[in-house]
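Here's a structure for you.
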Amino acid sequence: MTGDHLAGGRGQGRRDDRGRGTSDPRRDSQGRQRGAARSRGDSGQTALAPSERRKSTDPARQAAYDVLREVDGSDAYANLVLPPLLRERGLRGRDAAFATELAYGTLRLRGRYDAVLSRCVDRPLDRLDPAVLDVLRLGTHQLLGMRVPQHAAVSETVGLARSRVGAGAAQLVNAVLRAVGRTTLDEWLERIAAEAPDPLTGLAATGSHPLWITRALRESLAGNGRPADEIADLLDADNAAPRVTLVARPGLADVDDDTAWGDADLVPGRWAPTALVLSGSDPSGVPAVRSGLAGVQDEGSQLVTLALAAAEVLPAGASPSDRVPAGDDLAGASPSGSERWLDLCAGPGGKAALLAALAAQRGATLVANEVQPHRVRLVEKALRAVPEGVVERVRTGDGRDVGEQEPGAYDRVLVDAPCTGLGALRRRPESRWRRTPADLAVLTGLQRELLLSALDAVRPGGVVGYVTCSPHLAETHMVVADVLRRRSDVERLDTPAVVRSVLRPGAVIPLADRHDVQLWPHVHGTDAMHLTLLRRRL
Ligand SMILES: C[S@@+](CC[C@H](N)C(=O)[O-])C[C@H]1O[C@@H](n2cnc3c(N)ncnc32)[C@H](O)[C@@H]1O
């Protein structure tokens with residue numbers, strides 16, 4: 001690897017050859033359709049009658065609208081609905097980018113836009129037809145979040161309302177969007193904050209997070225040794241589209257091998273030696289991703305996996321004084337070289353694939369367990385490029401039973417527990433509006449049981465990594481504290497020291513002075529992953 005860019009001159013210019021991020025003759029940089037395409041009002045394939053033309057709108061806006069309706073009406077996930085819809089409708093280049101930003105941005109900033117709209121509509125928003133409300137949100141995002149010129153944002157969105165909902169809806173949308181556009185975003189935010197009953201409620205509305213999540217995130221910042229007033233930066237980071245990070249699975253994909261990366265434009269990640277940041281949003285054309293030698297994986301997810309593999313296990317049957325000193329090259333290596341590793345909650349398999357690649361290098365083997373059969377298939381797919389003999393088994397089962405079924409059978413166990421996902425809100429634009437505080441009670445019970453099972457499945461001297469993609473204190477500190485209260489045979493490791501030991505050379509990571517590690521989007525540029533490393537006492 002040379003300098004900031006990978007060897008091989010994978011430059012932006014070559015991306016242009018494939019039409020990603022390149023100019024689309026039918027849409028300018030502010031989202032306006034140009035010339036013939038705009039007057040046709042569609043993808044250019046049909047000539048519409050004049051009466052129809054007034055109803056039509058451009059295909060990118062139609063696509064964004066359909067995603068919002070699916071998400072709202074069928075509880076679908078935007079990241080699963082949008083890509084096939086773009087393919088099916090032949091949207092590429094700027095049209096695809098416009099539709100993506102319009103759909104994801106509207107979903108992320110829905111709370112902020114509802115606060116604006118509630119001041120422009122003459123009735124409570126929940127009394128509006130949900131389809132009309134989605135059209136209004138789309139129009140508001142164009143006006144306040146995308147800098148689409150006002151006349152284009154209003155007229156195209158009114159056309160969308162007319163074609164998809166009806167003439168009456170179009171009139172309402174026209175009036176409301178004109179009212180929205182008379183005030184700038186900054187003025188709206190000031191007004192919403194000033195009219196809020198208290199500062200946190202104002203911040204939740206302007207930062208577009210439910211109040212209970214805003215409160216929980218602020219508590220988690222304070223509980224993890226960070227200033228609580230960083231909450232505004234955290235909400236902003238959740239509202240920004242994350243860059244796509246790839247993992248070069250060690251021993252499988254070489255970062256300097258041009259054939260693995262094709263013409264992808266990649267720069268090294270900040271922390272993990274395995275991480276590569278892709279410029280652009282479509283990793284599907286990268287040869288190493290297609291073959292499974294690499295994958296798409298958040299850098300925080302890579303770091304916690306690398307840390308579990310590097311943590312010091314004690315030789316079975318040794319006395320505590322036989323510890324391998326921290327920092328010793330042998331740390332993490334089994335004397336026999338034949339460790340057994342377990343990923344207890346493996347689906348869809350991102351961490352399992354990285355663990356398997358590391359296991360292959362260390363002469364260890366991996367069992368991957370997952371309770372949901374369709375996710376088991378995803379794990380198998382993620383592991384397809386791992387050398388034969390490394391993956392002992394991909395198992396379908398409840399992780400809570402493994403401790404009893406296979407006591408003391410493993411040297412390292414990963415518990416990447418099912419959680420609220422409050423650490424990955426930037427990646428799943430709709431999830432913040434779906435989660436409720438009631439989810440916590442169910443999940444935290446399951447998390448405790450899975451961690452206890454993992455501690456039974458690991459042998460004395462072995463290590464368990466407890467991971468959540470949520471910084472919520474009830475899912476992190478409280479689960480671990482509760483389990484430690486019940487288990488006198490478990491000790492906490494110095495997790496920050498282990499994480500520091502796996503960083504790329506020269507990287508200096510800010511971590512709190514605690515036993516565990518909490519990563520943050522606004523500090524580390526990763527998902528808000530939590531990691532606690534625990535070891536069974538000998
Ligand atoms: C946070 S995800 C794991 C992500 C995965 N480690 C990765 O990196 O791709 C949690 C997984 O736990 C699974 N799960 C939920 N309950 C489980 C249980 N009782 N036993 C095992 N797995 C469970 C879920 O289906 C989900 O696939």
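What helices does the chain hold that run 20 Å or longer along their axis, going by alpha-carbon atoms, with a Kyte-Doolittle average of 0.5 or more, using DSSP H for the helix calls?
Both cut-offs are met by 167-181, 437-457.
Lys/Arg Cβ at +1, Asp/Glu Cβ at -1, dipole of the stretch 297-536 taken about the Cα centre: which of Gln518, Ala310, Val402 is farthest positive-ward?
Gln518
So, by mean Cβ neighbours within 10 angstrom, what's the order for 170-182, 486-498 with the highest one leading?
Order by mean packing, descending: 170-182, 486-498.
Give me the extension gain from Arg147 to Asp282: residue separation times 0.36 nm, minus the current Cα-Cα distance, reported in nm with one decimal.
Extending this stretch completely gives an extra 46.2 nm.
Considering the options Met529, Pro373, Leu484, tell which one lies farthest towards the positive end of the dipole of the chain, charges being +1 on Lys and Arg and -1 on Asp and Glu at the Cβ, about the Cα centre.
Of the candidates, Pro373 comes out farthest on the positive side.
Have a look at the DSSP beta bridges in the chain and tell me what percent are antiparallel, nearest 5.
Of the beta bridges lying entirely in the chain, close to 55 percent run antiparallel.
How much of the DSSP beta bridge set in the stretch 400-538 is antiparallel, as a percent to the nearest 5?
Beta bridges within the stretch 400-538, antiparallel portion: roughly 65 percent.
Tell me the relative contact order for the chain as a rounded percent, counting alpha carbon contacts under 8 Å between residues six or more apart.
Relative contact order, the chain: 13 percent.
For a protection proxy built on the mean count of beta-carbon atoms within 10 angstrom, sort 412-420, 159-167 highest first, please.
412-420, 159-167
Rounded to whole Å and sorted largest first, list the principal axis extents of the Cα atoms in the chain.
In descending order, the Cα extents are 83, 54, 41 Å.
Quick one: putting +1 on the C-beta of Lys and Arg, -1 on the C-beta of Asp and Glu, what dipole do you get for the chain around its Cα centre, in Debye to the nearest 20?
So the dipole magnitude of the chain works out to roughly 1600 debye.
Quick note: the coordinates plus some simple rules give every number you see, no bench work behind them. Small disclaimer: the values here were computed from a predicted structure and weren't measured. Please note: Cβ atoms are built from the backbone with ideal geometry, for glycine as well, and neighbour counts cover all protein chains shown.
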